[in-house]
1. Would you check if Ala140 is in contact (Cβ under 8 Å) with a residue 12 or more places away in the chain and assigned to a strand (DSSP E or B)?
2. Of the conditions (1) within 18 Å of the chain's Cα centre (by Cα); (2) buried (at least 16 other Cβ atoms within 10 Å of the Cβ); (3) among the β-branched types (Val, Ile, Thr); (4) away from the ligand (no atom under 15 Å from the Cβ), Ile22 fails just one. Which one is it?
3. Scan segment 37-84 residue by residue and report those that are in contact with a helix residue (DSSP H, G or I) (Cβ under 7 Å, 6 or more places away or on another chain), within 16 Å of the ligand (Cβ to nearest atom), in a helix (DSSP H, G or I) and free of Cβ contacts under 8 Å to residues at least 40 places away in the same chain.
4. For segment 207-234, give me each residue that is open to solvent by 40 Å² or more (accessible area, probe 1.4 Å), modelled with pLDDT of 95 or more and part of a helix (DSSP H, G or I).
5. Hey, any hits in segment 182-191 for a residue that's open to solvent by less than 70 Å² (accessible area, probe 1.4 Å), in contact with a helix residue (DSSP H, G or I) (Cβ under 8 Å, 6 or more places away or on another chain) and either away from the ligand (no atom under 14 Å from the Cβ) or part of a loop (DSSP other than H, G, I, E, B) (or both)?
6. Failed condition for Ser110, given (1) part of a loop (DSSP other than H, G, I, E, B); (2) without any contact (Cβ under 8 Å) to a residue 40 or more places away in the chain; (3) surrounded by 20 or more Cβ atoms within 10 Å (Cβ to Cβ), with all others met?
Amino acid sequence: MVKIFIDSADIDEIKQAYAWGIADGVTTNPSLLKKAVDKRKKKGQKLNLKTYINEILKVAKGTPVSLEVTETTAAGMIKQGKALYKMFNKVAKNVYIKIPINPAFKNSDSTHFDGIIAIKALSKAKIPTNCTLIFTPEQALLAAKAGASFVSPFAGRVDDFLRINAKLKFTKTDHYPVWGETKGKKLLHDNGIVSGIDLVEQCVRVLKHYNLKTEVLAASLRNTRQVREAAMVGSAIATLPLFVIQDMLKHQKTYEGMKGFTKDIVPAYVALTK
Ligand code: G3P
């Protein structure tokens, strides 16, 4: 069964998802943490980040919580990853260290393998990792080989990339066809990846041939149809913003059905269980 993680560093959102009883984990990243911190700052609230993260870990007890490194060299990521794990894993024993597959900022940087080196070192130290910013199955393969527990293909951002390159108009939550989009007669693709969900599927297909413990965690999902498709292609995990989890239950005909059934209630039937 596909596991549903909440993609948020906002404690209120995380609490809500766990209260609904469907959350199997939490993913955070520096941007999500900034959003959560800024929201509290705006409200004039003081925030002790250590206590705040402890609270997230406690709410998610028994399920994985990814905390991302901010360093960009292998040595820096290993040091920070170990320090984060030491500081936080004792709270609820559920910390996964999130490491970018490649922390380089440009092609000419010399740090392309630093993510892999960090994953390998943390994995050797028995610290579970979630390898993030995956945009090719090859990256997922190397991350899995290095010992990552999760590999996170960023589906929505692949769709963004294809649409922006083709100068297509879209909004962030628009669905992009899993089979791809054409411009003129040409199928849009990024080195053979035709959509974000296609990337997820290719990662699943590549990893399933081998006896690896690594799970595919479909990330950057912005609408419910992508969640359905991530599950259809066999992603082990889908991490979702709260609004996408909420949208998964909504349908006009469900509301209509509820209204009709409620209108037709036979009072004697209700009285049976009063
Ligand atoms: O889990 C990754 C996610 O937070 C990125 O989402 O929508 O910014 O591409 P998005």
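1. On the way: in contact (Cβ under 8 Å) with a residue 12 or more places away in the chain: yes; assigned to a strand (DSSP E or B): no.
So Ala140 fails the test.
2. Result: Ile22 passes all but (2).
3. Scanning segment 37-84 gives no hits.
4. First pass over segment 207-234, keeping only residues open to solvent by 40 Å² or more (accessible area, probe 1.4 Å): 208-213, 215, 224-225, 228, 231-232, 234.
Subsequent filtering for residues that are modelled with pLDDT of 95 or more retains 215, 224-225, 228, 231-232, 234.
Thr224, Arg225, Arg228, Ala231, Met232 - these are the residues of segment 207-234 that are open to solvent by 40 Å² or more (accessible area, probe 1.4 Å), modelled with pLDDT of 95 or more and part of a helix (DSSP H, G or I).
5. Yes, because at least one residue in segment 182-191 is open to solvent by less than 70 Å² (accessible area, probe 1.4 Å), in contact with a helix residue (DSSP H, G or I) (Cβ under 8 Å, 6 or more places away or on another chain) and either away from the ligand (no atom under 14 Å from the Cβ) or part of a loop (DSSP other than H, G, I, E, B) (or both).
6. So Ser110 meets the others, but not (3).
The values are calculated or read from the model by the stated rules, or taken from the named source; none is laboratory data. Note that the structure is predicted; figures quoted are calculated from it, not measured. Heads up, the Cβs are rebuilt from the backbone with ideal geometry, glycines too, and the neighbour counts pull from every protein chain shown. Only protein heavy atoms, including side chains, enter the accessible area calculation; ligands, DNA and RNA are left aside. Shrake-Rupley method; radii C 1.70, N 1.55, O 1.52, S 1.80 Å.
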